[in-house]
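Since the structure comes first, as structure tokens, the remarks are kept for the end.
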Amino acid sequence: MSNARMPSDSVEFDVHTDEMLINMGPQHPSTHGVLRLVLRTDGEVVTEATPHIGYLHRSAEKIAEKLSPRQFLPYTDRLDYLAAMNMNLGWALCVEKLLGHQVSEKTRHLRVIVCELGRIANHLVAASSSGLDLGSFTPFLWTFREREKIVNLFEEICGARLTYSYITVGGVTADAPTGWLKRCEEFLDQFVPVIDDLHALLTNNAIFVHRMVNVGVMPPEMAVDYGCTGPVLRGSGVDWDLRRDGEPIYTDMYAGYTWNVIAPINGRYPTDHPCPPVPFDAVVGDSWHRYFVRMLEVVQSIDIIRQAIAGYSQAGGEVDRPMAIKQKLPKGTAYLETEAPKGQMGFMIVADGTPIPWRVRIRSSSFSNLSIVPELCRGVMLADVPAILASLDFVLGEIDR
Amino acid sequence: MNAEQIYARLEHPFRPWLVGCDFAAIDPWIEVKPDGLADVARYLREQPDLWFDMLHCITAVDYFEPDEKKAAQVEWQPHIELLYHLSSLRHRHRLVLKTSLPRWLDDQPGRLPEAPSVSRIWSTAEWHEREVFDLSGVKFLDHPDLRRILCPEDWPGHPLRKDFVMPPDYHGVPTR
């Protein structure tokens, strides 16, 4: 009897390692805040991922039942603290929808400028922290250098660097100071070449591409089913952006501007600017596409800001002042979603005729975007989990409220 | 389709379930009985001409006035209202679906009111319903995993209810 066996016979393919439960977070750097993931692993493969949230719950909705809308505004800064301008806008527009208030031409252009600057700042952090989570440190420092310039512009216009409370119910707290628009343009001019550097560092980086491509693939139906919005939804090839498809009170803000919704349609991105090619093995809906949508939206936001600066300079009159702190609210309910950098941010206000809302609801974009994690992380390698989380770009302040 | 047309579309199969509507409201809404909620939701999701494929938000509003003086002036009976904000990406229309629940099941304080879960129709509802259960105290029947999501597991009560009283301490940690 021969003992000679083929080498492959001695490999046991059905060997499973002991199941292990791994706590990722709440202090893990790649969970972007205080998210805790409980991972059930079989060797290197994640069989189940359960997110636990609420570590940053500050009951913002309950607080809003004790304050007038303008008093609540600073609390919206603390929701998505990386894009506080866009949070202010969501709440201000929601209350304006209830009041039936329309802001002046000049105000709307100014709001667009700060919101799109906020979007650039947010996407820079999102893109570079994807790199950071995968072990590439340089882009993180480079984007923070650029973000710092935006933060300086914000500091100049409203006095705060993170929690702006600038866009407020009825208008904005103050007009742009003299020379501010010029400094905005100077920032944009010097920023455009930096985007190419970022593309070189990340978008076409072989390691980054390998880690992001074909990881966490989200088909469009699944993305819609889980209520994913923003770049997460568009990365799956769904042509949907509230700046174009939203309610009139919000789309009017962008009326007259020319721009495209950034989403891969038939494998092509609708952009007029030169951009790196899509890697040949990238699948629409994977982490790389979510990252790439953000990078292209940065370029597109620059275009929008330039148009808004032109619009602002041509518009006559004054910017609108905020409404009175304790203005009576008409009886009624208004719900409005705006396109925040991380997705569709919704606010709802139920008013009973007093200046204090009866109930306020905050629909967080990251909340829905995160709820897809158990689905995306099932069956992936442990090392892919940070890549998937980074591509979803969430902030726990907004999820936990 | 606007809300009026959607209502007309729902009237034939679901007439007994529809209890109210307001097309002139800021956000037009249609109210259904809680028992018919899941069927209406599935119909809205699956009919090709309605195709409400995205559920944005589930909200519970507690209508209850703890202050007796003020309670005498309000025009509503105490209840909990659930709002479902829906939209269709394909047809670009929106709708608010409402349903009204008692504050307590069988008027026995402590027994949570029940509503059918829509988490099998829209997956996003799974987390939203957990949040409504956690903060507003509504039990969703047929939910796959109904536990608290934002508050600790052993938190007493449901904070977004108007009669919620903050406990003086939590595991020895003063709350004030």
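Nothing in this text is a laboratory measurement; each read-out follows from the coordinates by a stated rule. Every value quoted in this text rests on a predicted model; they were computed, and no experiment measured them. Please note: Cβ atoms are built from the backbone with ideal geometry, for glycine as well, and neighbour counts cover all protein chains shown.
With R₀ fixed at 51 Å, the C-beta to C-beta distance from A:H199 to B:E11 puts the FRET efficiency at about 0.40. Arranged from fewest to most other beta-carbon atoms within 10 Å of their beta carbon, B:D67, A:D175, A:D400 become B:D67, A:D175, A:D400.
Counting pairs of alpha carbon atoms under 8 Å apart in space and at least six apart in sequence, what relative contact order in percent does the range B:26-82 give?
Numbers: 32 pairs, mean separation 14.7, N = 57.
Once normalised by length, the contact order is 26 percent.
Within the range B:52-149, the GluC sites (Glu not before Pro) that combine a DSSP coil assignment with at most 11 other C-beta atoms in a 10 angstrom radius are B:E75. Normalised by the number of residues in the range B:1-42, the mean separation of alpha-carbon contacts (under 8 Å, six or more apart) gives a relative contact order of 35 percent.
Spatial offset of the range A:259-298 relative to the range B:121-171 amounts to 39 Å, using the alpha carbon center of each.
By how many nm would the segment from A:D18 to A:H210 lengthen if fully extended, with 0.36 nm per residue of separation less the alpha-carbon distance? Let's see the in-between values first.
Details: separation 192, 0.36 × 192 = 69.12 nm, distance 2.86 nm.
Residue separation times 0.36 nm, minus the Cα-Cα distance, leaves 66.3 nm.
I'd like the FRET efficiency for A:R183 and B:W155, computed as 1/(1 + (r/R0)^6) with the beta carbon distance as r and R0 of 56 Å, rounded to 0.05. If you can, show how the numbers build up before the last one.
Values: r = 48 Å, r/R0 = 0.86.
Between A:R183 and B:W155 the formula returns 0.70.
Considering chain B at the alpha-carbon level, its Rg and Dmax are found to be 17.5, 57 Å.
Global dimensions of chain A from alpha-carbon coordinates: Rg and Dmax equal 22.7, 100 Å. Listed from fewest to most Cβ neighbours within 10 Å, the set A:W91, B:W127, A:W259 follows the order A:W259, B:W127, A:W91. Here the simple spin-label model places points 7 Å from the Cα toward Cβ, and for A:D272 and A:K326 these points are separated by 5.2 nm. For A:K97, the lysines whose Cα falls under 21 Å of its own Cα, not counting residues fewer than eight places away in the same chain, are A:K66, A:K106, A:K326, A:K328, A:K331, B:K98. Neighbour counts of other Cβ atoms within 10 Å put A:H57, A:H109, A:H210 in the fewest-to-most order A:H210, A:H57, A:H109. Less than 5 angstrom separates the built amide H of B:V19 from those of B:E31, B:V32, B:K33, all sequence-distant by 5 or more or on a different chain. Note on the protein assembly as shown: with charges restricted to the Cβ of Lys and Arg (+1) and Asp and Glu (-1), its dipole about the Cα centre is near 1360 debye.
If I take every Cα pair under 8 Å that is 6 or more residues apart in chain A, average their sequence separation and divide by the length, what percent do I get for the relative contact order?
On the way: 762 pairs, mean separation 109.5, N = 401.
For chain A, the relative contact order is 27 percent.
Taking the Cα centroid of the range A:92-122 and of the range B:53-90, what is the distance between the two, rounded to the nearest whole Å? First find each Cα centre; the distance between them is then 27 Å.
DSSP beta bridges fully contained in chain B are about 75 percent antiparallel.
Using just its DSSP H runs of length 4 or more, each adding -39500 (n - 2.57), the protein assembly as shown gives a mean residue ellipticity at 222 nm of -11000 deg cm²/dmol after division by all residues.
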